[in-house]
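A short write-up of the structure that comes next.
The values are calculated or read from the model by the stated rules, or taken from the named source; none is laboratory data. Because the structure is a prediction, the values reported are computed rather than measured. As a convention, Cβ positions derive from the backbone with ideal geometry for all residues, glycine included, and neighbour counts pool all protein chains shown.
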Amino acid sequence: MTHAIDTVAASAVNGAASAQNAQNAQNAPQAGKKIGDVILDIRNISLRFGGVKALTDISFNVREHEIRSIIGPNGAGKSSMLNCINGVYTPSEGSITFRGQTFDHMNSRQVAEMGVARTFQNLALFKGMSVLDNIMSGRNLKIKSNIFLQALRWGPAEREEIAHREVVEKIIDFLEIQAYRKTPVGQLPYGLQKRVDLGRALAMEPQVLLLDEPMAGMNVEEKQDMCRFILDVNDEFGTTIVLIEHDMGVVMDISDRVVVLDYGKKIGDGTPEEVIHNEDVIRAYLGSGH
């Protein structure tokens, strides 16, 4: 079985020392953090494509203000799970409850209007548009003026646009990309494009932010920057985060809880320390021979 994720080998071999390092790193940036009640409840989700089972009876929850990571080997069903949460896929079975409202047939726009934003593993930015305009597109659901008034930039529409641009400028400052605000996104390095993608999601002012491999393809320095931004979004904005990530070091450092999938089934769930000592998780990553 091919695994794109850094294996649990280092944690398993180093034992308690690795666990303590991960726990120390986890606790340092989140000292005094208050985790709230369940904001997102996934119950018995199954997903089929014809005769292929992508997900089988998956259940877990996400608490307000936590960073909840989903990990697993390639093909484990992680992105499919996010697609069910944000309405891209309709589950074959099960239900998803967000802030007490249960749904099983919501489309992406309805989910976004409820306060759930998403970044994607493969960037879907408008490459010919500037950083500012790309992030501004994330304000689409917040715009109340009709298209005619927006085109004329007249009266209330002009005032509304100014207000939205102020929000976007704050996000640009937060992500430290002021120098590129007028630069076409297609001209930016990959790591900066990832920041723009995050910025566009933040422009929706989400209650829950779904991040699909936000650090894929990044070098060490870029990963460190992205980790810092994710922690700051969680801390300063109070945004609840559901994260898919292949870098186990990152997951163990910043996550409050981790759910592990393998072949579309849940095989582990708990704190980072609990997960790295879970025999089923170790077996999935290292193989039964270990």
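Hey, can you tell me all the residues within the stretch 82-122 that are buried (at least 17 other Cβ atoms within 10 Å of the Cβ) and part of a strand (DSSP E or B)?
Gly94, Ile96, Phe98, Val116, Ala117, Arg118, Thr119
Go over the candidates Val208, Val220 one by one and state the one that is at negative phi and buried (at least 18 other Cβ atoms within 10 Å of the Cβ).
Of Val208, Val220, the one residue that is at negative phi and buried (at least 18 other Cβ atoms within 10 Å of the Cβ) is Val208.
So which of Val13, Val88, Val8, Val62 ends up being modelled with pLDDT under 95, within 30 Å of Arg109 (Cα to Cα) and among the aliphatic types (A, V, I, L, M)?
Selected residue: Val88, the only one of Val13, Val88, Val8, Val62 that is modelled with pLDDT under 95, within 30 Å of Arg109 (Cα to Cα) and among the aliphatic types (A, V, I, L, M).
From the list Ile230, Ile177, Ile172, exactly one residue is within 23 Å of Ser80 (Cα to Cα), in contact with a helix residue (DSSP H, G or I) (Cβ under 8 Å, 6 or more places away or on another chain) and β-branched (Val, Ile, Thr). Which is it?
Just a single option satisfies the conditions, and that option is Ile230.
Can you confirm whether the stretch 240-255 contains a residue that is of a type in the set (A, V, I, L, M, F, W, C), crowded, with 16+ Cβ neighbours inside 10 Å and in contact with a Cys (Cβ under 8 Å, 6 or more places away or on another chain)?
Yes; the residues of the stretch 240-255 include at least one that is of a type in the set (A, V, I, L, M, F, W, C), crowded, with 16+ Cβ neighbours inside 10 Å and in contact with a Cys (Cβ under 8 Å, 6 or more places away or on another chain).
Yes or no, residue by residue, for (1) among the hydrophobic types (A, V, I, L, M, F, W, C); (2) under 11 Å from Arg68 (Cα atoms); (3) over 12 Å from the mean Cα position of the chain (by Cα):
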position	(1), (2), (3)
Tyr190	no, no, yes
Ala201	yes, no, no
Glu205	no, no, yes
Asp235	no, no, yes
Ile241	yes, yes, no
Val258	yes, yes, yes
Gly268	no, no, yes
Pro272	no, yes, yes
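Looking at the stretch 73-90 only, could you name the residues that are touching a residue at least 24 places away in the same chain (Cβ under 8 Å), farther than 22 Å from Met248 by Cβ and more than 13 Å from the chain's Cα centre (by Cα)?
Cys84, Gly87, Tyr89
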